[in-house]
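Input: a single structure, listed below in structure tokens.
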Amino acid sequence: MSEPLIVLRQTWPEDFVQRYRRAGYWRGETFPGFLRERVGRFPERTAIVDHEQRWTYAQLGERAQTIAAGLLAMGLHPGDRVVLQIGNVAEFYSVAFGLFLAGMIPVYALPAHRITEISHFVHKAQACAYIAQQQYGGFDYRVLARELQAREPGVRHVVISGDAAEFTPLESFTPDPARLPATDPDPQSVAFLQISGGSTGLSKLIPRTHDDYIYSFRASNEICRITQDSRYLVALPAAHNFPMSSPGALGTLYAGGTVVLSRSTAPEDAFALIERERVTDLGLVPPLALLWAQSAQQTRADLSSLRVVQVGGAKLTPEAARRVIAGFKCQLQQVFGMAEGLVNYTRLDDDENTILNTQGRPISADDEVLVVDDQGQAVPIGQSGYLLTRGPYTIRGYHNDDAANARAFTEDGFYRTGDVVQRSANGYLTVQGRANDHINRAGEKISAEEVEDHLLAHPQVFDAAVVSIPDEYLGERICAFIIVRGEKPRAPALKAWMRERGLAAFKVPDQIVFVDAFENTAVGKTSRKELRARLRGEFLGGQSASPASPSNT
């Protein structure tokens, strides 16, 4: 007998609901209504550019309606959760909006995720369907789909864009407007499940409502000055929260602008798109921003259309910020936020010192920010402390995860972000780092414990400790210290073995160091926090933790 379906909720206390409505943050908007309204206002304007494909708003609306009807015809129902794993192609948006129109709930997955992560999302969300491309980035998602159905029998439906083999082809769907729900969902109901960084293991699921999420990118548009004339380049994964809503593709579509998709993060490919499509705005994580800024100084491509380059996903240091400005020769905007809610921006008219040295201030006047010490007491302005927040677009709890909720949220609804920050008198935040061993590699948040768990499954690994090492381009890279048992494995073979386990490539250690032993506590246990700090310190200090043999690939 299957478990009863967990109802998705994201509930604010009634006094907060009324406050956010009175302030005009929550207007009763929904994603189906958002799409219909834009199609009505901008039918012939270009909504999406995907290489040689150009979809108008009317065409985006037609495709989304067809997909919605096709999913309902398959036997799916409003309220069903569907894992969506599609890369930077136009179909990502037609499928996402198709799910919204059908009253279903997308569970966003990144193209780099593999069976470990996808199976977890399915199980946690109680998803009954999976939608992917035939191939993206050289990976065949039909292989993943087969393994997923073998592991998770609840996944009754698989839809593939392209050559679907034994699965249902996305292209086989036909229009049938009569199948679509007669009414839109409750604006305060959950619209989709986003993924967290996974600071204590696999990602948690973040329920975002129609009202709260639409407010976040509508308000971001005002701060970032996104208009009908904006042409926003999506080079980061389309399913990532940053290029989705800060203000991202959804903000651009809300304004009636054009979303330009890049399937490559290589500067020469992106620069050709910027020149051809006269891109005005883009968002990058620090490693890409530095690489692109360096290339921009030598390129022959015309980048003069660029108005704003946003950098977020990880802290951008002042020196790196200077290099980005020098390379692109346009406005830099720092972005610091999280998929759980709170987003901070430097403003476009801020002075140079603020743009170089801070990560911005919150979107909303009702974003409540606390900076506290170990005892939970507020620290003085300018001192470092742990960041807590609540507000009109910050969640009050993860989906189906009581243990995580007990750790991450206070009794009065503040979200413990896990970030250490300083706050200035005028509300700007400067990020100091993470409160735990959460590795931030090129904007992807990775749990050291999760990587250690995979390493420990290898027959020749006795113990493993995974630490973050500062990196000029990635922000942080993953270094694994390993005690072997029996014959020492080769580092490249160990990395290949981890990838074969279905682990996302960005979680595989960048560097492996073999050591003889770890120090234990007095009671015979290994303190992971102290161990990681010591190993990181010894590595950065150029010392050898016993006879160590670093291996890099």
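The values are calculated or read from the model by the stated rules, or taken from the named source; none is laboratory data. Just so it is clear, the structure is predicted and the values come from calculations on it, not from any experiment. So basically every Cβ, Gly included, is an ideal-geometry build from the backbone, and we count neighbours across all protein chains shown.
When Leu71 is tested against (1) in a helix (DSSP H, G or I); (2) under 18 Å from Met244 (Cβ atoms), just one condition goes unmet, and that condition is (2).
Within the stretch 505-523, at least one residue is over 29 Å from Val420 (Cα atoms), surrounded by fewer than 21 Cβ atoms within 10 Å (Cβ to Cβ), aliphatic (A, V, I, L, M) and at pLDDT below 75. Being of a type in the set (A, V, I, L, M, F, W, C), assigned to a helix (DSSP H, G or I), without any contact (Cβ under 8 Å) to a residue 60 or more places away in the chain and surrounded by fewer than 21 Cβ atoms within 10 Å (Cβ to Cβ) narrows it down to one residue among Ala326, Ala293, Ala289; which is it? The unique qualifying residue is Ala326. Scanning the stretch 537-550 for residues that are surrounded by 11 or more Cβ atoms within 10 Å (Cβ to Cβ) and either in contact with a Cys (Cβ under 8 Å, 6 or more places away or on another chain) or modelled with pLDDT under 75 (or both) yields Phe539, Ser544, Ala545, Ser546, Ala548, Ser549, Pro550. Just one of (1) over 21 Å from Gln359 (Cα atoms); (2) touching a strand residue (DSSP E or B) at 6+ places or on another chain (Cβ under 9 Å); (3) assigned to a helix (DSSP H, G or I) fails for Asp269. It is (2). Note on the stretch 461-494: residues that are of a type in the set (D, E, K, R) and under 21 Å from Gly443 (Cα atoms) amount to 4.
Applying a threshold of 6 Å to beta carbon distances and a minimum spacing of six or more residues, or different chains, the list of pairs starting in the stretch 153-174 at a residue that is at positive phi and in the same structural domain as Val83 (by TED's automatic domain parsing) and ending at one that is of a type outside the set (D, E, K, R) and modelled with pLDDT of 95 or more reads Gly162/Gln133; Gly162/Gln134. Taking the stretch 377-404 as the range and being among the polar types (S, T, N, Q) and modelled with pLDDT of 95 or more as the test, the residues that pass are Gln377, Gln383, Thr389, Thr394. Considering only the stretch 137-180, state which residues are in a helix (DSSP H, G or I), within 27 Å of the chain's Cα centre (by Cα) and of a type in the set (Asp, Glu). Passing the criteria: only Glu147.
The number of residues in the stretch 384-406 being surrounded by fewer than 17 Cβ atoms within 10 Å (Cβ to Cβ), outside any loop (DSSP other than H, G, I, E, B) and either touching a residue at least 60 places away in the same chain (Cβ under 8 Å) or not charged (D, E, K, R) (or both) comes to 4. Each residue in the stretch 445-469 was checked for being touching a Lys or Arg at 6+ places or on another chain (Cβ under 8 Å) and in a strand (DSSP E or B), and 8 of them qualify. Between Leu316, Leu250, the distinction of being within 22 Å of the chain's Cα centre (by Cα) and at pLDDT 95 or above belongs to Leu250 only.
Checking the structure you have, find out if any residue of the stretch 189-208 is under 21 Å from the mean Cα position of the chain (by Cα), buried (at least 19 other Cβ atoms within 10 Å of the Cβ) and part of a helix (DSSP H, G or I). No, the stretch 189-208 contains no residue that is under 21 Å from the mean Cα position of the chain (by Cα), buried (at least 19 other Cβ atoms within 10 Å of the Cβ) and part of a helix (DSSP H, G or I).
Within the stretch 106-121, count every residue that is touching a helix residue (DSSP H, G or I) at 6+ places or on another chain (Cβ under 7 Å) and not small (Gly, Ala, Ser).
So in the stretch 106-121, the residues touching a helix residue (DSSP H, G or I) at 6+ places or on another chain (Cβ under 7 Å) come out as 106-107, 109, 112, 114-115, 118-119.
Pick out the ones that are also not small (Gly, Ala, Ser) and you get 106-107, 114-115, 118.
Matching residues across the stretch 106-121 total 5.
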